[in-house]
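Below you'll find the structure, written out as structure tokens, and then a few comments.
The values are calculated or read from the model by the stated rules, or taken from the named source; none is laboratory data. As the structure is a prediction and not an experimental result, all values here were calculated from the model. Ideal geometry is used to build each Cβ from the backbone, glycine not excepted, and the neighbour counts take in all protein chains shown.
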Amino acid sequence: MLQKFFATAIGMAAVSGIYSQDSTKSSPFKLSASADVYYRYNFHDPPKTATPLYNNLTSFTPSQNSFELGMVSVKGEHTIGKASMVADVGFGRRVEDFSYNDNPQKNGFVSLANIKQLYLSYAVSDKFKLSMGKWATHIGYELVDAYLNRNYSMSYMFSYGPFFHTGLKADIGLGGKSALMFGIADPTDFTTTISPSKFVIGQFSTGSSDDKFKAYLNYQGGRVSPGMKLNQFDLVLTGAISDKFSLGYNGTVQSRKPGSESGDSWWGSALYFNVDPATNFGLTLRTEYFHDEKNVAGVGSNIFGTTLSGNIKIDRLTIIPELRLDNASSAVFSKGNGRKTKNTSTALLAAVYSF
């Protein structure tokens, strides 16, 4: 029944979108969509029984020597007066990993996994807006939608940081390029919960007048469970050196404190080097250091990852060939013979389409 509802809604949205393209007047409705597929090969060719599975410790690429479907996503946005709605639905393993708490084994509401984002907003003024619902996290440099990232495989910081929040937030314009967001939400990555615990979230953003430099200071904090407190601070910086070269930086630290005991933390830092020698071709080099020797995130090692991705653009289609090297301080990866190793290498080919 729910699938029929979404199919009908998407069909009506498509008709409305076509009409708005033909109309000379601006339309309050916006429709966008994307899809991604990929092939991944790990050169150690680990056995199926190996841990981690397929030498993959990050999100969305749990496969070996296989052509895979990522996600098809449809997003509708509508505004009328001061009220607005965003409905963003997805289908595929990528969205199932994104909404990993929504499944029959955890909460029984498998259909909630398909709702990537759903929130309603009201603009009290041109500088103050309230939103309630579920939205992708403000923390980190990378995003769940493949077409919004230049690397296809994900960073460790994205994989072990928050994915989304469900709650109430306020966006406040501070003048110029500066803004403030703060809100209250359910525990991180829960669409529904019986827990009385709530998280506080916040962001301060600013930038240069020409938008060539942007900065975001992000926060989340609260009780994961009655005996566990979590705090995370995150910094994102972006800078355009020229039309053909830009930089990105992400640094984050997440601490967890069980009751009255002393807490531990994991942290990470990554640089993104973006080069676009032509309008239809670009390269991105991501270098990331992920520190989790105390096994707070569940990795139990420090890892330096280097990922080089090409972006070959053909109209709305982007082809992404990618090479990735992961070097750990301890043997957390597997070889084909079942033995452990400190490093591994992966080749990946992805295709992403968006409109």
Single unsatisfied condition, Leu130 versus (1) of a type in the set (A, V, I, L, M, F, W, C); (2) under 28 Å from Ala33 (Cβ atoms); (3) without any contact (Cβ under 8 Å) to a residue 40 or more places away in the chain: (3)
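Has segment 276-289 got at least one residue that is assigned to a strand (DSSP E or B) and either in contact with a helix residue (DSSP H, G or I) (Cβ under 7 Å, 6 or more places away or on another chain) or farther than 30 Å from Leu348 by Cβ (or both)?
The initial filter retains those residues of segment 276-289 that are assigned to a strand (DSSP E or B), namely 276-278, 281-289.
If we keep only those that are either in contact with a helix residue (DSSP H, G or I) (Cβ under 7 Å, 6 or more places away or on another chain) or farther than 30 Å from Leu348 by Cβ (or both) as well, we get 288.
Within segment 276-289 (the criterion being assigned to a strand (DSSP E or B) and either in contact with a helix residue (DSSP H, G or I) (Cβ under 7 Å, 6 or more places away or on another chain) or farther than 30 Å from Leu348 by Cβ (or both)), the answer is yes, since at least one residue qualifies.
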Residues being under 19 Å from the mean Cα position of the chain (by Cα) and surrounded by 15 or more Cβ atoms within 10 Å (Cβ to Cβ) - total across segment 232-251: 11
Enumeration of residues in segment 307-324 that are under 22 Å from the mean Cα position of the chain (by Cα) and outside any strand (DSSP E or B): Arg316
Flag for Asp292 being at pLDDT 95 or above and farther than 30 Å from Gly263 by Cα: no
Residue list for segment 106-132, filter: in a strand (DSSP E or B) and under 20 Å from Leu148 (Cβ atoms): Ile115, Lys116, Gln117, Leu118, Tyr119, Ser131
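So which residues in segment 71-86 are assigned to a loop (DSSP other than H, G, I, E, B) and basic (Lys, Arg)? Give the steps one after another, and end with the answer.
At the first step, the residues of segment 71-86 found to be assigned to a loop (DSSP other than H, G, I, E, B) are 81-82.
Result: Lys82, single match.
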Candidate set: segment 199-231, residues that are under 30 Å from Lys257 (Cβ atoms) and hydroxyl-bearing (Ser, Thr, Tyr); chosen: the one surrounded by the fewest Cβ atoms within 10 Å (Cβ to Cβ): Ser225
Top-ranked residue of segment 72-114 - restricted to ones that are without any contact (Cβ under 8 Å) to a residue 24 or more places away in the chain and either of a type in the set (D, E, K, R) or out of contact with any helix residue (DSSP H, G or I) (no Cβ under 7 Å at 6 or more places or on another chain) (or both), ranked as surrounded by the most Cβ atoms within 10 Å (Cβ to Cβ): Gly92
Condition broken by Asn151, with the remaining ones in (1) in a strand (DSSP E or B); (2) touching a residue at least 60 places away in the same chain (Cβ under 8 Å); (3) within 21 Å of Ser63 (Cβ to Cβ) satisfied: (1)
Candidate set from segment 172-193 (those that are touching a His at 6+ places or on another chain (Cβ under 8 Å) and part of a strand (DSSP E or B)); member that is surrounded by the fewest Cβ atoms within 10 Å (Cβ to Cβ): Met181
Hits in segment 220-259 (condition: under 17 Å from His165 (Cβ atoms) and without any contact (Cβ under 8 Å) to a residue 24 or more places away in the chain): Gly221, Phe233
Among (1) over 28 Å from Tyr289 (Cα atoms); (2) not in a strand (DSSP E or B), the one test that Asp211 misses: (1)
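Just to be sure, is Asn327 part of a strand (DSSP E or B), over 26 Å from Ala50 (Cα atoms), modelled with pLDDT of 95 or more and not aliphatic (A, V, I, L, M)? Walk me through how you get there before you give the answer.
Values: part of a strand (DSSP E or B): yes; over 26 Å from Ala50 (Cα atoms): no; modelled with pLDDT of 95 or more: yes; not aliphatic (A, V, I, L, M): yes.
No.
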Cβ pairs under 6 Å, 6+ apart, first in segment 262-280 and touching a residue at least 24 places away in the same chain (Cβ under 8 Å) and surrounded by fewer than 18 Cβ atoms within 10 Å (Cβ to Cβ), second part of a strand (DSSP E or B) and among the hydrophobic types (A, V, I, L, M, F, W, C): Ser265/Val253; Phe273/Leu285; Val275/Phe245; Val275/Leu283
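Working only within segment 21-43, note down all residues that are at pLDDT below 95 and in a loop (DSSP other than H, G, I, E, B). Show your work before the answer.
Step one: of segment 21-43, the residues at pLDDT below 95 are 21-29.
Listed by number, the residues that qualify are Ser23, Thr24, Lys25, Ser26, Ser27, Pro28.
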